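The values are calculated or read from the model by the stated rules, or taken from the named source; none is laboratory data. Everything numeric in this text was worked out from a predicted model, so none of it was measured. Note that each Cβ is placed from the backbone with ideal geometry, even for glycine, and that neighbours are counted across all protein chains shown.
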Amino acid sequence: MSDKRPFRSRILGLWTLGVYLWLFAPIVVVVIFSFNSPAGKFNTSWNKFTLDNWAHPFRKADYTEALITSLQVAAVACLVATIFGGLMALATSRYEFRGKGLVNFILVLPLTTPEIVMGSSLFTLFFARDVSFGFTTVVIAHILFCLSFVALTVQARVRGFDWSLEDAAMDLGSTPWRTFRTVTFPLILPGIAAAGLLSFALSIDDYIITSFIAGDQTTTFPMRIFNANKTEIPAQVHVIATALLFIAISLMAIGAWRTVRRNATPA
Amino acid sequence: MAGESSLRKGRKAPYALIGPGMLWLILFFLVPMWTLLRIALSEKPNAFLPDYELTWRWANFSDAISRFQPELIRSFTYAGVATILCILIGYPLAYFVAFKAGRFRALLLGLIMVPFFTSFLIRTIAWQTILGQDGPALGVLKALSLVSVTDAIGLTSNGAFLNTPQAVIGGLTYNFVAFMILPIYVSLEKIDPRLMEAARDLYSTPAAAFRKVVLPLSLPGVFAGTLLTFIPAAGDYINAELLGNVKTGMIGSQISKLFLKESNYPEAAALSFIFMAIITVGVLVYAKILGTEELSA
Amino acid sequence: MTERIDPELAAAIEMARRLSRRRFLTRAGLGAGALAMAPGLLTACGSDDKQPSGSDSSGGKGDKKLSISNWTAYIDQDDNGNFNAAGTTIADFQEQTGIAVTYKEDFNDNDEYFNKTLSPILGKGKTLAADIFIPTYWMAARVVGLDWVEELLLDEIPNHKNLEDNYLDLAWNPGATKHMPWQGGATGIAWNPKKTGGDLKSINDLYDPKYKGQVTFLTELRDTVGLTMFGEGTDPSSANLDDINAAADKIEKATKDGQILKFTGNEYLRSLENGDIAACIAWSGDIAQLNPELGIKFAIPEEGGMQWFDTMLVPKGAANQVAAARWMNFVYDPENAARISEYVQFMSPVKGVKEALLAKGGDAAALAENPLIFPDEQTTARLKVFGELSQDDEIAVQSRFNDITG
């Protein structure tokens, strides 16, 4: 770096700051409105400050139930997608095999498919095969759209790794399983963790695909909000959203802190 | 070369690893696409009953095109503008985080993801509050008497933010910008610092060094980001529904209406395929343009 | 790690270019390729039937449990939004009958419920999770016509006698043996006086250029087209296709001119509350439920208003038909019906509700005098039900309307 701090760099910094403000503008609104006591049924225009919503975050049983459903779906989908996708990424980035190009191609396809098309195609499949819509179909769909994200994220992270480390371990007499545990897995772990987090976020946020295949018994949190937002938006929605946000930030802070500590101690 | 013992030379291992995932993709992605295609060529003898017959009715496609041309054009226009905005907004940010953020890099990167842990619907509803007639954004403009200015430059329509095409494009940009920032960041982060040093030595201005080195190396990120932004944005209809007006309907809502309002599965399926076909062609053309630009760089 | 240590710029750029182009190619094939591949892959997998935890339809005479799918904000609840808190209709029903109720507010839209739920499930001869669902009259007529409902167990419903007489002679189910109305209502116009500056009288006021871009209409075909037909001087109950199309023309033009901002479901409520619109087509009970401090007004247009009702149906093969019948009997008790009316403020189809409200006194008695809940004869005379359309006409009109609503 040169010592004169260039003007350009400051503009870039200001721009970044502006973008972050824009990114967080609606989040600030959500947090503020979690302390609002709405005049009507919609917690969308400011009335007066209250702590009441926070005292009773689960007052709206429907929303709580939908949130639990969403968390369950996200947990299963995230776990399965991370395992399946991680294995696929491992295969495509570490091995040369026939049909690899085709696998990569099929892996990318879901990402290039608009949600509405994926939702309607799954709807027609389950429909044509007489599968009843519900929790299972929702989980199936969520695993599907998370899968490609996971595989490609992990692939991107491990691209350029020196896989000969594995060979070295094997040469030193390590068993394949031990090699995987002590060499391979630590290498891919950060990618896996990032992919898992991403797929959890994708799953818990999906509305379009889910709404097509949820059937009449399963309601996820986004569905509940979308359905209800026509007749009411209770402050509990804002409270739950704020709480989820807080949990996410905390997890991230813990992660960041651990990285800092790891970097601080000499390797 | 490590001989027999190399994990990378297995014959069956890779197939075992991809097995479960591939099975999933085939069963729940390729097969449904196939079913959808069959339905796109079918007829429903009775619209209210769930049965359909494969009659190779290609007219489903032409019907859908002639009926939904405006929405098709609109979807791609909005998604295109939103994607360009995402690049303009996201690239500098990704650049800053990758090269200028120093020890705050991880933090800044994490912060990009944070808003996306609140539900997409809740964020969009919050935008409704911000942009509404009695909301803060318009309040500031009114206090500064700037509404006529923003009207003139196209930021508002008839003195309103909400329920305008601008709001829809803004919403799309907002909701998908993270998918632009992250791939660009990944491609920038991978650039070898020694390469950048060499570039600075070789080229007279930082701008030239950026143009000749950093930009070409980050193009794969821009390309991936464009796909991840443009495609979902073109297929989205929640933003149009919540932030737009009657003239901002996008293709997603038409497909869903055909399915869910008119019980017309064949035409809905046909429209889905038309939509995907256009995206495919668009992506090919885009890849071509980006590829040739790189050649001339 | 070891990649790209070559400081030679040209080589690096060349490498990057090749790399990215290769990646372009792998990603570029997309849809077309998928189609070509699908047939071969398809043979690899058979049908993947899964029977989920759906209700078992043996007998269908269950009387221990009951599952109801209803619209949002359509039954009394406590301040916390709990439907089964002590003192609510559902809690009392559970206490008196020992039947455990699962009450879901998942009925959002007649067509969506039909296509997402009814058609895929009932149309395939399977059973719904819900024992009672509550579509609007025209959808109920369609579902009854398709024979996707059960006859009500009238022996369990002595209060069937409390059903208002005008519901007994509907062409699609004379005697109301397959459905029992939940609530009725009127469709009229609502406005925010702070934005309009005065009161509206006619449906054509919504077409006044003064309110350009500040008006919303309903996505419900029969309400929007019906009211416009009144404004045109034609009769919405006749279901005359020419008249319907003329009204659709008028709506289409207003949409193109930017007069109509949006077509909405209940979400017009929020736009009215937040001041984003000046006036709209609205449902009577929605406005009656609003906080009076907001000052939103509602009227049946002078030309006339649309009348409608939502009605309880028991889907074919429902597991708990006895419980369903007991529920209907319970909510057709005037006292219980009055409690629901007090909360939802639509028009009750149950005889004796007005008297029950008057007997309660206070706020409840005031409701008994509310012409939107108990319309006087003059108002009733101005209300009409949209005429019945044949299936083909319905689809044609609906798809034209969908094109207009964007």
Considering only helices (runs of 4 or more DSSP H) wholly within segment A:116-231, the ones with at least 3 residues that are among the hydrophobic types (A, V, I, L, M, F, W, C) and facing another protein chain (nearest Cβ under 7 Å) are A:135-158, A:221-228
Picking from B:Thr83, B:Thr77, which residue would you name as being closer than 30 Å to B:Glu267 by Cβ and in contact with a Ser or Thr (Cβ under 7 Å, 6 or more places away or on another chain)?
B:Thr83
The lone condition B:Asp192 fails out of (1) in contact with a Lys or Arg (Cβ under 6 Å, 6 or more places away or on another chain); (2) buried (at least 23 other Cβ atoms within 10 Å of the Cβ) is (2)
Take A:Ile68 and decide whether it is more than 25 Å from the chain's Cα centre (by Cα) and surrounded by fewer than 19 Cβ atoms within 10 Å (Cβ to Cβ).
no
Failed criterion for B:Pro136 (all others in (1) touching a helix residue (DSSP H, G or I) at 6+ places or on another chain (Cβ under 7 Å); (2) more than 10 Å from chain A (Cβ to nearest Cβ); (3) surrounded by fewer than 17 Cβ atoms within 10 Å (Cβ to Cβ) hold)
(2)
Does A:Arg98 meet the test of being without any contact (Cβ under 8 Å) to a residue 60 or more places away in the chain and closer than 30 Å to B:Asp201 by Cβ?
no
Run C:Phe330 past the list (1) within 13 Å of chain A (Cβ to nearest Cβ); (2) modelled with pLDDT of 90 or more; (3) not in a strand (DSSP E or B) and report the number of the one that doesn't hold.
(1)
For A:Ile240, are the conditions met, namely being buried (at least 23 other Cβ atoms within 10 Å of the Cβ), touching a Leu at 6+ places or on another chain (Cβ under 8 Å) and more than 11 Å from chain C (Cβ to nearest Cβ)?
yes
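Can you work out which of the residues in segment B:240-256 that are in a helix (DSSP H, G or I) and within 11 Å of chain A (Cβ to nearest Cβ) is farthest from B:Phe68 (Cα to Cα)? Can you show your working first?
Step one: list which residues in segment B:240-256 are in a helix (DSSP H, G or I), which gives B:240-243, B:251-256.
Next cut, within 11 Å of chain A (Cβ to nearest Cβ) only: B:241-242, B:251-256.
Details: B:Glu241: 17, B:Leu242: 21, B:Ile251: 8, B:Gly252: 11, B:Ser253: 11, B:Gln254: 8, B:Ile255: 10, B:Ser256: 13 Å.
Checking each candidate, the answer is B:Leu242.
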Has segment C:211-226 got at least one residue that is in contact (Cβ under 8 Å) with a residue 24 or more places away in the chain, among the hydroxyl-bearing types (Ser, Thr, Tyr) and in contact with a Cys (Cβ under 7 Å, 6 or more places away or on another chain)?
yes
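Which one is farthest from B:Phe116 (Cα to Cα) among residues in segment B:199-219 that are facing another protein chain (nearest Cβ under 8 Å) and at pLDDT 85 or above? Before the answer, list the steps.
We begin by selecting, within segment B:199-219, every residue facing another protein chain (nearest Cβ under 8 Å); these are B:199, B:202, B:206, B:212-213, B:216-217, B:219.
Those left that are additionally at pLDDT 85 or above: B:216-217, B:219.
Values: B:Pro216: 29, B:Leu217: 28, B:Leu219: 25 Å.
Among those residues, the one meeting the criterion is B:Pro216.
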Among the listed residues C:Leu128, C:Leu122, C:Leu163, C:Leu153, which satisfies the condition of being in contact with a Phe, Trp or Tyr (Cβ under 6 Å, 6 or more places away or on another chain), hydrophobic (A, V, I, L, M, F, W, C) and touching a residue at least 12 places away in the same chain (Cβ under 8 Å)?
C:Leu122
Residue in segment B:263-276 that is more than 22 Å from the chain's Cα centre (by Cα), at the interface with another protein chain (Cβ under 7 Å from one of its Cβ atoms) and in contact (Cβ under 8 Å) with a residue 60 or more places away in the chain present:
yes
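Where residues in segment C:211-265 are in a helix (DSSP H, G or I) and of a type in the set (Lys, Arg), which of them is surrounded by the most Cβ atoms within 10 Å (Cβ to Cβ)? Give the steps one after another, and end with the answer.
First pass over segment C:211-265, keeping only residues in a helix (DSSP H, G or I): C:211, C:221-232, C:236-238, C:241-256.
Adding the requirement that they be of a type in the set (Lys, Arg) leaves C:222, C:250, C:253, C:256.
Numbers: C:Arg222: 23, C:Lys250: 17, C:Lys253: 13, C:Lys256: 12.
Step by step, filter segment C:211-265, then rank; the result is C:Arg222.
Quick check on segment B:28-74: of everything there that is hydroxyl-bearing (Ser, Thr, Tyr) and part of a loop (DSSP other than H, G, I, E, B), which residue is farthest from A:Val138 (Cα to Cα)? Give the steps one after another, and end with the answer.
Step one: of segment B:28-74, the residues hydroxyl-bearing (Ser, Thr, Tyr) are B:35, B:42, B:52, B:55, B:62, B:66.
Subsequent filtering for residues that are part of a loop (DSSP other than H, G, I, E, B) retains B:52, B:55.
Working: B:Tyr52: 24, B:Thr55: 31 Å.
Ranking the qualifying residues of segment B:28-74, first place goes to B:Thr55.
For the subset of segment C:342-358 comprising residues that are surrounded by 14 or more Cβ atoms within 10 Å (Cβ to Cβ) and in a helix (DSSP H, G or I), which member is farthest from the chain's Cα centre (by Cα)?
First pass over segment C:342-358, keeping only residues surrounded by 14 or more Cβ atoms within 10 Å (Cβ to Cβ): C:342-354, C:356-358.
Applying the additional criterion that residues be in a helix (DSSP H, G or I) yields C:342-344, C:353-354, C:356-358.
Values: C:Glu342: 20, C:Tyr343: 18, C:Val344: 15, C:Val353: 24, C:Lys354: 26, C:Ala356: 28, C:Leu357: 27, C:Leu358: 30 Å.
My answer is C:Leu358.
Within segment B:224-232, identify whether any single residue is at the interface with another protein chain (Cβ under 9 Å from one of its Cβ atoms), under 25 Å from A:Ile208 (Cα atoms), buried (at least 18 other Cβ atoms within 10 Å of the Cβ) and of a type in the set (Val, Ile, Thr), and answer yes or no. Let's see the steps before the verdict.
Taking segment B:224-232 and keeping what is at the interface with another protein chain (Cβ under 9 Å from one of its Cβ atoms), we get B:224, B:227-228, B:231-232.
Retained after the next criterion (residues that are under 25 Å from A:Ile208 (Cα atoms)): B:224, B:227-228, B:231-232.
If we keep only those that are buried (at least 18 other Cβ atoms within 10 Å of the Cβ) as well, we get B:224, B:227-228, B:231-232.
Adding the requirement that they be of a type in the set (Val, Ile, Thr) leaves B:231.
Yes, the conditions are met somewhere in segment B:224-232.
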How many residues, within segment A:92-115, are within 25 Å of A:Phe180 (Cβ to Cβ), assigned to a helix (DSSP H, G or I) and at pLDDT below 85?
5
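May I ask you to verify whether C:Ser271 is among the small types (Gly, Ala, Ser) and more than 22 Å from the chain's Cα centre (by Cα)? So that I can check it myself, show each step before the final result.
Values: among the small types (Gly, Ala, Ser): yes; more than 22 Å from the chain's Cα centre (by Cα): no.
Spelling it out, it is not the case that C:Ser271 is among the small types (Gly, Ala, Ser) and more than 22 Å from the chain's Cα centre (by Cα).
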As an exercise: evaluate A:Ala141 against (1) more than 19 Å from the chain's Cα centre (by Cα); (2) modelled with pLDDT of 90 or more and give the number of the one condition it does not meet.
(1)
Within segment A:158-211, restricting attention to residues that are farther than 18 Å from B:Ile18 by Cα and of a type in the set (D, E, K, R), which residue is nearest to the chain's Cα centre (by Cα)?
A:Asp205
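Tell me, yes or no, whether segment A:101-108 has at least one residue that is in contact with a Leu (Cβ under 6 Å, 6 or more places away or on another chain), buried (at least 20 other Cβ atoms within 10 Å of the Cβ), without any contact (Cβ under 8 Å) to a residue 24 or more places away in the chain and at the interface with chain B (Cβ under 7 Å from one of its Cβ atoms).
Step one: list which residues in segment A:101-108 are in contact with a Leu (Cβ under 6 Å, 6 or more places away or on another chain), which gives A:106.
Add one more test, that the residue is buried (at least 20 other Cβ atoms within 10 Å of the Cβ), and what stays is A:106.
Filter once more, so that each one left must be without any contact (Cβ under 8 Å) to a residue 24 or more places away in the chain: A:106.
Remaining after also requiring at the interface with chain B (Cβ under 7 Å from one of its Cβ atoms): A:106.
Within segment A:101-108 (the criterion being in contact with a Leu (Cβ under 6 Å, 6 or more places away or on another chain), buried (at least 20 other Cβ atoms within 10 Å of the Cβ), without any contact (Cβ under 8 Å) to a residue 24 or more places away in the chain and at the interface with chain B (Cβ under 7 Å from one of its Cβ atoms)), the answer is yes, since at least one residue qualifies.
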When you scan segment B:184-237 for helices (runs of 4 or more DSSP H) that lie fully inside it, which ones turn up with 1 or more residues that are over 25 Å from the mean Cα position of the chain (by Cα)?
B:193-202, B:206-209
Top-ranked residue in segment C:272-283 [being over 13 Å from C:Leu218 (Cα atoms) and buried (at least 24 other Cβ atoms within 10 Å of the Cβ); ranked as nearest to the other protein chains (Cβ to nearest Cβ)]:
C:Asp276
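For segment B:55-80, name all the residues that are within 27 Å of C:Ser390 (Cβ to Cβ) and either small (Gly, Ala, Ser) or surrounded by fewer than 19 Cβ atoms within 10 Å (Cβ to Cβ) (or both).
Hits for segment B:55-80 are B:Thr55, B:Arg57, B:Ala59, B:Ser62, B:Asp63, B:Ala64, B:Ser66, B:Arg67.
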Which of the residues that make up segment C:112-140 are within 12 Å of chain B (Cβ to nearest Cβ) and either in contact with a Leu (Cβ under 6 Å, 6 or more places away or on another chain) or closer than 24 Å to C:Lys61 by Cα (or both)?
C:Glu112, C:Asn115, C:Thr117, C:Leu118, C:Ser119, C:Pro120, C:Ile121, C:Leu122, C:Gly123, C:Lys124, C:Gly125, C:Lys126
